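For reference, the structure discussed in these notes is given below.
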Amino acid sequence: MKLHSGLILYRRLKNSLRPETSEDFARELEAFRQAVPPGVAAVKAQAAGKEYDKVAFERILEFPGALRHDGALTAYPLIVPPSPAGRLALTIGRTPG
């Protein structure tokens with residue numbers, strides 16, 4: 001049991017700065033940032049039964065799977081968002097507020 005817990009911790013730490021399967025995480029993160037506004041609009045329109053941008057819809061749905069390594073070992077990387085006034089703001093899994 002300790003070995004299993006140790007391996008999970010190791011994988012989470014290993015993937016804390018970028019997913020191990022990522023070749024260029026900064027580029028992937030920027031692509032995700034750009035895909036969010038049209039993707040969210042497409043998802044909302046599709047859910048409301050309206051016409052929607054199918055490319056934006058499919059693109060936004062691809063990202064969560066791309067960050068997932070294998071079920072229970074999923075850990076999102078540490079993302080340091082831009083901070084006003086030069087303050088350092090760290091977040092894991094939520095927006096600082």
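Values in this text are rule-based calculations from the coordinates and carry no lab data. Small disclaimer: the values here were computed from a predicted structure and weren't measured. Backbone-built Cβ (ideal geometry, glycine too); neighbour counts: all protein chains shown.
The label point for Glu30 and the one for Lys2, both projected 7 Å from the Cα toward the Cβ, are 4.6 nm apart. Using a cut-off of 10 Å between beta-carbons, work out the net charge of the residues near Ala45 (Lys and Arg +1, Asp and Glu -1, Ala45 not included). Residues near Ala45 contribute 0 overall. Averaging the sequence gap over all C-alpha pairs within less than 8 Å and six or more residues apart, then dividing by the number of residues, gives region 23-68 a relative contact order of 36 percent. Ranked by how many other Cβ atoms sit within 10 Å of their own Cβ, fewest first, the residues Glu28, Glu62, Glu51 fall in the order Glu51, Glu62, Glu28.
Summing charges over all other residues whose Cβ lies under 13 Å from the Cβ of Ser5, with Lys and Arg as +1 and Asp and Glu as -1, gives +3. For Lys44, a cut-off of 16 angstrom between C-alpha atoms picks up these lysines, skipping any fewer than 8 places away in its own chain: Lys54.
Of all aspartates and glutamates in the structure, not one lies under 14 Å Cα to Cα from Lys50 without also being fewer than 8 positions from it along the same chain.
Here Val40 and Tyr10 are evaluated by their C-beta separation; at R0 = 22 Å the FRET efficiency comes out at 0.05.
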